[in-house]
Amino acid sequence: MGPRHWPTWIGIGAMAALARLPWPLQRGLGRALGALLRVTMGARRRIAQRNLELCFPELDAAARTTLLHEHFASLGIGLFEFARAWWGSVDPMRKGLVVEGLEHARAARANGRGVIVVSGHFTTLEICGRLMCDHIPLAGMYRPHSEPAMEWAVKHGRLRYAAAMFTKQELRPAVKHLKQGGFLWYAPDQDPSRGESVYVPFFGRPANSLSSTHQLARLSGASVLAFQHVRRKDGGYTLRIVPALRDIPSKDATADTAQVMAAIETMARAAPDQYLWIHRRFKRQPDGSSPYAD
């Protein structure tokens, strides 16, 4: 509660207050906020532009610019979705919700095995995680925050709906949760600063990727499903559980990780405006270069 944490607490309070605005107003404000972020966050805009060049070379410059604008609009809406997931009501999002593939989750768990539910870093991640918790008791893994106030907010917000939360360092309790037949939601699609990783293709380019899904499945015996979530054009949401990824875990961490990343790429291609392009996904290449270098 010291003064150096006050700015973070003020930000948390502002988000909690904004979470209570009417949802149609939030969507409009979100699109406006996204446009503002696109103009003011020059470094992130350039990263997103470069990612779209790398991942969608078949699009011309005008099409990529349109996609860039749509991405920042999605990002702005996602911030309000984020606030609602933690501090507001999601009843408006439950209207028109489409949920598909729950039978795959039930089948994967039928023999008592735990289930790793793999997703990616999409702007819809937080709100759709909360909505899926209405149907599946998901626990989650996350990267802990160095700012204590933000760490409190993350756990307090997500434990409103998640079955449990584990930091990425809490491997043993996460494995125990899976061995007890639990569901564990995990997004392994960002270039890691630490942890075991391998280079596998993502949009046709080498991407340094965490091999944690392979490790978790090997240690726990859990099956692996993919979780696709999309904000539709009509304002509703579609949640989809994809059938179990085959032969994970194998003896080959690279092959398993490649299969996971291929599943996330498929989801990103289905909703390209909603994937988190402002992350430097390809910042470390096998030859030591970076496509983001000035």
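Key figures
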{"read-out": "Yes/no for R205 being under 19 Å from the mean Cα position of the chain (by Cα) and among the basic types (K, R)", "value": "no"}
{"read-out": "Failed criterion for A105 (all others in (1) hydrophobic (A, V, I, L, M, F, W, C); (2) open to solvent by 30 Å² or more (accessible area, probe 1.4 Å); (3) over 18 Å from the mean Cα position of the chain (by Cα) hold)", "value": "(2)"}
{"read-out": "The listed residue being more than 17 Å from the chain's Cα centre (by Cα) and in contact (Cβ under 8 Å) with a residue 24 or more places away in the chain, out of Y237, Y275, Y199", "value": "Y199"}
{"read-out": "Within region 174-196, tally of residues that are free of Cβ contacts under 8 Å to residues at least 40 places away in the same chain and polar (S, T, N, Q)", "value": "1"}
{"read-out": "V99 being open to solvent by 10 Å² or more (accessible area, probe 1.4 Å), in a strand (DSSP E or B), modelled with pLDDT of 90 or more and closer than 27 Å to V154 by Cβ", "value": "yes"}
{"read-out": "Tally, over region 125-170, of residues that are in a loop (DSSP other than H, G, I, E, B) and either open to solvent by less than 50 Å² (accessible area, probe 1.4 Å) or not hydroxyl-bearing (S, T, Y) (or both)", "value": "18"}
{"read-out": "Among the candidates M150, M141, M132, residue that is modelled with pLDDT under 90 and either in contact with a Pro (Cβ under 8 Å, 6 or more places away or on another chain) or under 29 Å from L219 (Cβ atoms) (or both)", "value": "M141"}
{"read-out": "Residue match in region 185-193 (condition: more than 20 Å from A163 (Cα to Cα), modelled with pLDDT under 95 and hydroxyl-bearing (S, T, Y))", "value": "yes"}
{"read-out": "Yes/no for G13 being small (G, A, S) and more than 24 Å from R269 (Cβ to Cβ)", "value": "yes"}
{"read-out": "Among (1) surrounded by fewer than 23 Cβ atoms within 10 Å (Cβ to Cβ); (2) touching a Ser or Thr at 6+ places or on another chain (Cβ under 7 Å), the one test that V115 misses", "value": "(1)"}
{"read-out": "Region 155-173, residues that are of a type in the set (A, V, I, L, M) and over 18 Å from M132 (Cβ atoms)", "value": "L171"}
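The values are calculated or read from the model by the stated rules, or taken from the named source; none is laboratory data. Because the structure is predicted, anything quoted here is derived from the model rather than measured. When we count neighbours, we look across all protein chains shown, and the Cβ atoms used for this are built from the backbone with ideal geometry, even at glycine. Accessible surface is based on the protein model in full, side chains and every heavy atom, while ligands, DNA and RNA are left aside. Shrake-Rupley method; radii C 1.70, N 1.55, O 1.52, S 1.80 Å.
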